[in-house]
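Before I ask anything, let me first share the structure, which is written out below as structure tokens.
The values are calculated or read from the model by the stated rules, or taken from the named source; none is laboratory data. Note that the structure is predicted; figures quoted are calculated from it, not measured. So basically every Cβ, Gly included, is an ideal-geometry build from the backbone, and we count neighbours across all protein chains shown.
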Amino acid sequence: MHAFDPSERTQDEVARFVKTVVTPRPIAWISTQSADGAENLAPFSSYNYVSLQEPTVLFNSPNGEPDELKDTARNALETEEFVVNVVTEADIERMDHTSAAIPEDESEFNLAEVDRGECETVAAPRVADAAVSMECTLYDSIEIHDKLMILGDVQYVHVDEGLLTDGKLDMRDLDTVGRLGGPYYTVSDTLPFERQF
Ligand SMILES: Cc1cc2nc3c(=O)[nH]c(=O)nc-3n(C[C@H](O)[C@H](O)[C@H](O)COP(=O)(O)O)c2cc1C
């Protein structure tokens, strides 16, 4: 077995290793709006849920002074709102396109030709045809080394009705996209083996 101490490798080597090992990662396609109304849409795969009874989700972005933050992080902190749109197979190309770095006053909704939907509890638009969108309000933000972890309480949910069976969302109907290491993506699919315990 090869073994190594991460502190003896370059930051790029360690990042590449961790992003290959922690896979597949879910993708939050996050829509936000700046304090002066400029909308933004970008994918974040350093994303997960934290609590469930009062659903709370998190994503991570590089930390820095406000003008150094990614637009998504700065908007979420400034407005205390963000929307997590779920990425399914039909969205891969448009989602990938929205990761392009474009000027703050230009919209990734226009760039990737993504239709906007209205939200109920937050000002930011949602992705109109996303399988699921979760409107969130800022719970907290935590500095972790060079990253900023942003946590949000889910306040309102939109689900594509065609995905519901007896009012419930079934995993077998939701082809969520995952991020792998390098430039690769995967799509969730169930295996013949099911959880036994
Ligand atoms: C699938 C995918 C996942 C990504 N995940 C993250 C992430 O977790 N954290 C991050 O800082 N950037 C992530 N990025 C890069 C951002 O999407 C990219 O920097 C984007 O331009 C940020 O946009 P913004 O400045 O409008 O917020 C990811 C990109 C892709 C394509």
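Give just the number: which of (1) surrounded by fewer than 19 Cβ atoms within 10 Å (Cβ to Cβ); (2) modelled with pLDDT of 95 or more; (3) within 13 Å of the ligand (Cβ to nearest atom) does PHE59 not satisfy?
All conditions pass for PHE59, except number (1).
Got a number for residues in segment 139-197 being among the charged types (D, E, K, R) and within 15 Å of the ligand (Cβ to nearest atom)? Don't jump to the end; show me each part of the working.
At the first step, the residues of segment 139-197 found to be among the charged types (D, E, K, R) are 140, 143, 146-147, 153, 160-161, 166, 168, 170, 172-173, 175, 179, 189, 194-195.
Those left that are additionally within 15 Å of the ligand (Cβ to nearest atom): 143, 146-147, 179.
Qualifying residue count, segment 139-197: 4.
In this structure, does PRO24 turn out to be more than 18 Å from LEU148 (Cα to Cα) and either of a type in the set (S, T, N, Q) or within 15 Å of the ligand (Cβ to nearest atom) (or both)?
Working: more than 18 Å from LEU148 (Cα to Cα): yes; either of a type in the set (S, T, N, Q) or within 15 Å of the ligand (Cβ to nearest atom) (or both): yes.
Here the answer is yes, as PRO24 does meet what is asked.
Kindly list, by first and then second residue, each pair from a residue in segment 112-133 that is touching a residue at least 12 places away in the same chain (Cβ under 8 Å) to a residue that is of a type in the set (Gly, Ala, Ser) and part of a loop (DSSP other than H, G, I, E, B), limited to pairs with Cβ atoms under 7 Å and residues at least 6 apart or on different chains.
What qualifies is ASP115/ALA128; ARG116/ALA128; GLY117/ALA128.
On to the next question. Given PHE82, PHE59, which one is touching a Cys at 6+ places or on another chain (Cβ under 7 Å) and closer than 16 Å to ILE150 by Cβ? It would help to see each step written out before you state the result.
On the way: PHE59 fails: touching a Cys at 6+ places or on another chain (Cβ under 7 Å).
Unique residue meeting the criteria: PHE82.
Something else: Could you please tell me which pairs satisfy a Cβ distance under 9 Å, a separation of 6+ or placement on different chains, a first residue in segment 140-154 that is of a type in the set (Lys, Arg), and a second residue that is not in a strand (DSSP E or B)?
Every condition considered, the pairs that remain are LYS147/SER46; LYS147/ASN63.
Tell me which of these GLN53 doesn't satisfy, since it passes every other one: (1) more than 14 Å from the ligand (Cβ to nearest atom); (2) without any contact (Cβ under 8 Å) to a residue 12 or more places away in the chain; (3) over 22 Å from ASP173 (Cα atoms); (4) in contact with a strand residue (DSSP E or B) (Cβ under 8 Å, 6 or more places away or on another chain).
Among (1) more than 14 Å from the ligand (Cβ to nearest atom); (2) without any contact (Cβ under 8 Å) to a residue 12 or more places away in the chain; (3) over 22 Å from ASP173 (Cα atoms); (4) in contact with a strand residue (DSSP E or B) (Cβ under 8 Å, 6 or more places away or on another chain), GLN53 violates only (4).
Only one of (1) of a type in the set (Gly, Ala, Ser); (2) over 15 Å from VAL127 (Cβ atoms); (3) touching a residue at least 24 places away in the same chain (Cβ under 8 Å) is not met by ALA42, so which one is it?
It fails just one condition, (2).
Name the single residue that is surrounded by the most Cβ atoms within 10 Å (Cβ to Cβ) among those in segment 64-102 being assigned to a loop (DSSP other than H, G, I, E, B) and near the ligand (Cβ under 10 Å from one of its atoms).
Of segment 64-102, the ones assigned to a loop (DSSP other than H, G, I, E, B) are 64-65, 69-70, 80, 87, 98-102.
Next, from what is left, pick out any that are near the ligand (Cβ under 10 Å from one of its atoms): 69-70, 87, 98-102.
Numbers: LEU69: 19, LYS70: 17, VAL87: 28, THR98: 23, SER99: 13, ALA100: 11, ALA101: 7, ILE102: 14.
The extreme case among them is VAL87.
Go through LEU52, LEU41, LEU58 for me and flag whichever is outside any strand (DSSP E or B) and either of a type outside the set (Phe, Trp, Tyr) or under 23 Å from VAL114 (Cα atoms) (or both).
LEU52
Go through segment 112-134 and give me each residue that's more than 17 Å from ILE92 (Cβ to Cβ), surrounded by 14 or more Cβ atoms within 10 Å (Cβ to Cβ) and not small (Gly, Ala, Ser).
Once the filter is applied, which keeps residues that are more than 17 Å from ILE92 (Cβ to Cβ), surrounded by 14 or more Cβ atoms within 10 Å (Cβ to Cβ) and not small (Gly, Ala, Ser), segment 112-134 yields ARG116, CYS119, VAL122, PRO125, ARG126, MET134.
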